[in-house]
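J.: Have a look at this one before I ask anything.
Bear in mind that the values in this text are calculations on the coordinates, not laboratory data. Just so it is clear, the structure is predicted and the values come from calculations on it, not from any experiment. Every residue, glycine as well, gets a Cβ built from its backbone with ideal geometry; the counts of neighbours run over all protein chains shown.
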Amino acid sequence: MFLASDSVMASTEAAYAAGVSDQPIQFSSGIPTTVIPAVDAADAERLDAALRLDGEERRAAVAAVVAASPRFLAGWAELGDLGRDTIERYAAYRVGYHRGLDTLRASGWRGSGYVRWAEPTNHGFLRSLRGLGQMAAEIGETDEAERCEQFLLQLDPSGIPAE
């Protein structure tokens, strides 16, 4: 049987009094991954219904979904895809990107770490970021296009599938 000396006991008590915790130390398992929360099922259903329409009716219906739920990231990505010209597409993707950053921060993201394509709830943000980069390239904003591409690779080094 081990008996601690009085000096060991005194130093242990002094350590606890100084704020040393007896709680286990948590080690990081690597770079953190942030997952955007699932959207309201009704919003997803309304977007699916809007996407079943044709032409301008489709774009207008998607715009109505986004107007009713402006934080719905997949809606912004779809609106970007359906834009009537490069600038309209650029604007929709930019809003989706910025709304996505807000959502990521609210989900615990602190400016670094992964946001993986493997998580379906991350798709709206990642699609908006990819679209923003593509439209930036089309309008000659090469530095922005490069930043978007680099950011995508930082968020998910495995890459975002081409559509």
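J.: Suppose R0 equals 30 Å. What FRET efficiency, 1/(1 + (r/R0)^6) with r the Cβ-Cβ distance, do ARG58 and HIS98 give to the nearest 0.05? All intermediate terms of the calculation are to be shown ahead of the outcome.
T.: Values: r = 24 Å, r/R0 = 0.80.
The calculated FRET efficiency here is 0.80.
J.: Give the shape of the stretch 31-155 as rounded, prolate or oblate, defined through the alpha-carbon gyration tensor: a ≥ b ≥ c are the square roots of its eigenvalues, a/c under 1.5 means rounded, and otherwise the shape is prolate if a/b is larger than b/c and oblate if not.
T.: Numbers: a/c = 2.34, a/b = 1.19, b/c = 1.97.
It is oblate, given that a/c is not under 1.5 and a/b is not larger than b/c.
J.: List the trypsin sites (Lys or Arg not before Pro) within the stretch 52-88 that fall in a DSSP loop (any state other than H, G, I, E or B) and whose Cβ has at most 14 other Cβ atoms within 10 Å.
T.: On the way: sites: ARG52, ARG58, ARG59, ARG71, ARG84; in loops: ARG52, ARG71, ARG84.
Sparse-neighbourhood loop trypsin sites (Lys or Arg not before Pro): ARG52, ARG84.
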